[in-house]
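Before any comments, here is the structure.
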Amino acid sequence: MRRHRCLVALLFAAVAVSVIPVQALAVDDPWSVGTSTGYFMPAVEGWEDNYDQRGGWVPNLSAGYALSTQVSVATELSYFSASSRARGAITGELSIEDQQLTLMPTTVGLEYRLRFDSAQVVAPFVGVGYRRVSYRLKVGANDAVTGGANGWVGRGGFDLLLNSLDPSAALGLSEDYGVAHTYFRLEAQWAIAEAPGTAGADIDLGGQTFLAGLRFEF
């Protein structure tokens, strides 16, 4: 319940700030791409008992287009995989069969950055988006179970501008690749994505993710 309350609060915060009037400044470098890695903690009930770990590492790719200095459309793709020995549905005992679960979350949403000029060193941000989680579960020699779950994600964090820390490297990126700004990004995500379960109860394929990476603006 606490995780759900945090998600709802973040979603309301993202919606609230998105309606704040933004600065009517021209966006000289509207495109952005990012790459990051982090730790994902699934919300699947009994996850730790089945996989003997709280979560696992995930790579993340993102892209965005700025509608204004502060508001942008953002998309991202992640990949998560975990494997372990399967357990009996009734006894809960470990079996000789292996199981592997793969999740591929794809997200589209809006991001609001508290940014007032291009030279601002620290820019906090929040976001909200729609998420589609594709899943694949393979147990032993049985046919894989595949499908998808729809849900929502709330995000928050901050960007740290790196241009001033290494001006020569920033100039080189600008001349060679057209990169206007490079940021170090720290981000936390809370997601809910419910898939129908075999026993009639929904399975939440969302969870919490903590990411660190780089963001490049063109």
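Checking each residue in the range 102-161 for being of a type outside the set (Gly, Ala, Ser), under 22 Å from VAL44 (Cα atoms) and over 13 Å from the mean Cα position of the chain (by Cα) picks out THR102, TYR135, ARG136, LEU137, LYS138, VAL139, ASN142, ASP143, VAL145, THR146, ASN150. Annotation: GLN120 fulfils all but one of (1) part of a strand (DSSP E or B); (2) surrounded by 12 or more Cβ atoms within 10 Å (Cβ to Cβ); the unmet one is (1). The numbered conditions (1) of a type outside the set (A, V, I, L, M); (2) buried (at least 17 other Cβ atoms within 10 Å of the Cβ); (3) at pLDDT 85 or above are all true for GLU194 except (2). Of all residues in the range 120-146, those being modelled with pLDDT of 85 or more and small (Gly, Ala, Ser) number 4.
Yes/no per residue for (1) within 18 Å of ALA74 (Cβ to Cβ); (2) free of Cβ contacts under 8 Å to residues at least 12 places away in the same chain; (3) in a strand (DSSP E or B):
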position	(1), (2), (3)
ASP159	yes, no, yes
SER168	no, yes, no
SER174	no, yes, no
TYR183	yes, no, yes
LEU186	yes, no, yes
ALA191	yes, no, yes
ILE203	no, no, yes
GLN208	no, no, yes
PHE216	yes, no, yes
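Within the range 130-149, is even one residue within 20 Å of VAL73 (Cα to Cα), among the hydrophobic types (A, V, I, L, M, F, W, C) and not in a strand (DSSP E or B)? Checked against the condition, which is being within 20 Å of VAL73 (Cα to Cα), among the hydrophobic types (A, V, I, L, M, F, W, C) and not in a strand (DSSP E or B), the range 130-149 yields no hits at all.
The values are calculated or read from the model by the stated rules, or taken from the named source; none is laboratory data. Just so we're clear, the structure is a prediction, and the values are computed from it rather than from any experiment. Quick reminder, even Gly has a Cβ in these numbers, built from the backbone with ideal geometry, and neighbours come from all protein chains shown.
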